[in-house]
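These notes concern the structure reproduced below.
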Amino acid sequence: MSAVGPFLARPLPARVRQSLLRGLQRVTAAALGPYQTAIVRIGFSGTWLLFLLRELPHRHELYGPDGPWGWDMGQQLIADNGAFTVLMWTSSTLWFEFVYVLAIVSSALLLVGWRTRTMSVLFMIGVLSLMNRSVFMGDGGDNVIHLMAMYLVLTRCGRVWSLDARRVRDAGGAVAAAVRDRVGPVLWAVLGAALAAVTVMGLLSWGWALVFWALLLAHLLWWAACRRADGEPRRLLDVLANLVHNAGLLIIMVEVCFVYATAGWYKVQGSRWQDGTAVHYPLHLDYFTPWPWLSEQLAAHGTMVMLVTYGTVIVQVAFPFTLFNRRVKNVLLVLMILEHASIAVLLGLPFFSLAMIAADAVFLPTVFLLWLGGRAGRLRDRVLAPSRKRRPQRRPEAVEQPRTLVG
């Protein structure tokens with residue numbers, strides 16, 4: 001201890017101090033990865049929305065009153081693991097229908113980026129409520145959505161590619177948009193009243209009550225800070241929001257690496273993965289062969305099966321270590337996306353594949369995302385061009401000048 005004390009007391013070199021200051025400045029001055037968090041938001045909300053719509057005729061069997069996991073069994077499970085689900089507040093079918101519709105609406109609104117701070121919370125409530133009601137109905141993709149729904153609440157995922165971003169741009173900045181906003185305060189007031197009601201009735205555990213009240217208080221502080229003339233409280237809250245966003249983004253990235261690392265190392269220990277035959281077996285299961293002729297063609301080539309088996313293990317184990325090399329990381333990222341697309345087609349697991357591709361998207365380079373956004377914008381303009389031509393043109397003097405984005 002006596003040898004370590006003088007070492008810790010020594011001042012840091014100037015170069016190290018400058019690096020630390022630059023790093024601190026970077027994580028506090030801006031929300032990093034705005035396009036990456038936006039594509040993650042779009043990917044997971046879209047995947048969950050498509051799943052809910054596809055299973056709409058079977059919702060009662062999956063998560064509702066007709067499911068194999070009965071009400072009493074659900075009560076016992078929730079009492080043991082303490083999981084959050086609003087579906088266990090009452091056994092009413094009408095309440096179940098309301099929660100299911102709420103999950104659909106919040107997913108759709110989060111997808112387009114309308115009131116993303118509010119919709120991310122409602123999206124999390126919908127995901128946790130349905131999945132925790134019947135925990136044995138999901139697969140690996142559902143587990144990823146379950147985790148990402150909580151992480152998205154921490155991020156500022158509506159900075160780009162959202163209706164919120166358009167509203168901020170039209171208002172002239174985030175502060176001006178918050179000051180002029182009328183829908184947001186009403187929406188949060190309604191949710192606050194609902195939160196107060198369920199808290200008084202004792203329907204929430206103290207942990208989840210603390211989480212939801214903290215989220216409501218943070219939004220209230222931001223709304224109040226935007227109305228102060230000096231702007232110092234707003235700047236402080238903006239720094240804190242950037243720190244939380246960047247921490248959430250880091251958690252998402254670490255989670256994706258952890259998923260691939262654990263999956264890869266577990267495969268290494270399996271005998272079927274070691275001898276190169278693991279992919280052969282699911283290709284002969286009726287449950288995982290939506291296209292039997294295609295599965296038979298692939299299974300008939302032993303060399304191809306062996307290459308796919310070993311390639312899957314190599315890519316999953318190696319991916320976390322390739323993050324230090326951008327070019328190698330991008331190559332493996334393409335291979336993993338192709339792998340999940342193949343799983344969607346060959347094994348009939350589209351939502352699992354979409355969830356994993358949405359998770360992989362957090363590592364996509366910004367240049368590619370900007371190119372992708374530009375192509376999507378041009379496609380949108382082509383689709384909307386006929387309707388815009390039919391609209392009456394405004395007189396030149398009535399056209400407003402574009403406003404710049406400040407703050």
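The values are calculated or read from the model by the stated rules, or taken from the named source; none is laboratory data. Since the structure is predicted, the reported quantities are computational estimates derived from the model, not experimental observations. Here the Cβ is made from the backbone with ideal geometry for all residues, glycine too, and neighbour counts use every protein chain on show. All accessible areas refer to the heavy atoms of the entire protein, side chains included, with ligands and DNA or RNA removed. Shrake-Rupley method; radii C 1.70, N 1.55, O 1.52, S 1.80 Å.
Element breakdown for the chain at a 1.4 angstrom probe: carbon and sulfur atoms account for 68% of the accessible area.
Highest GNM mean-square fluctuation among GLY141, GLY113, GLY311, for the chain modelled with Cα contacts below 10 Å: GLY311. Averaged over its residues, the chain has an accessible area of 58 Å² per residue, based on protein heavy atoms and a 1.4 Å probe. Estimated purely from DSSP H runs of n ≥ 4, each contributing -39500 (n - 2.57), the mean residue ellipticity at 222 nm for the chain is -23000 deg cm²/dmol once divided by its residues. Residues whose amide H falls under 5 Å from that of GLY173, counting only those 5 or more places apart or on a different chain, are VAL406, with hydrogens built in the peptide plane.
The trypsin sites (Lys or Arg not before Pro) of region 203-281 that DSSP puts in a loop, and whose beta carbon has at most 15 other beta carbons within 10 Å, are ARG227, ARG228. Placing R0 at 35 angstrom, the Cβ-Cβ distance between LEU372 and GLU232 gives a FRET efficiency of 0.35 after rounding to 0.05. For region 158-273, the spherically averaged projection of the C-alpha convex hull amounts to 11.3 nm².
Along region 74-81 the Karplus relation, 6.51 cos²θ - 1.76 cosθ + 1.60 evaluated at θ = phi - 60°, assigns HN-Hα couplings of x, 4, 5, 5, 5, 5, 7, 9 Hz to successive residues, with x for each Gly and Pro. Computed over the Cα atoms of the chain, the ratio of the radius of gyration to the Kirkwood radius (Rg/Rh) comes to 1.01. Report, in whole Å, the centroid distance computed from the Cα atoms of region 305-356 and region 95-146. Between the Cα centre of region 305-356 and that of region 95-146, the gap is 26 Å. Across the alpha-carbon set of region 149-190, the Rg to Rh ratio works out to 1.01, Rh being the Kirkwood radius. Taking every pair of alpha-carbon atoms in region 11-126, give the share separated by more than 18 Å as a whole percent. Percentage above 18 Å: 64.
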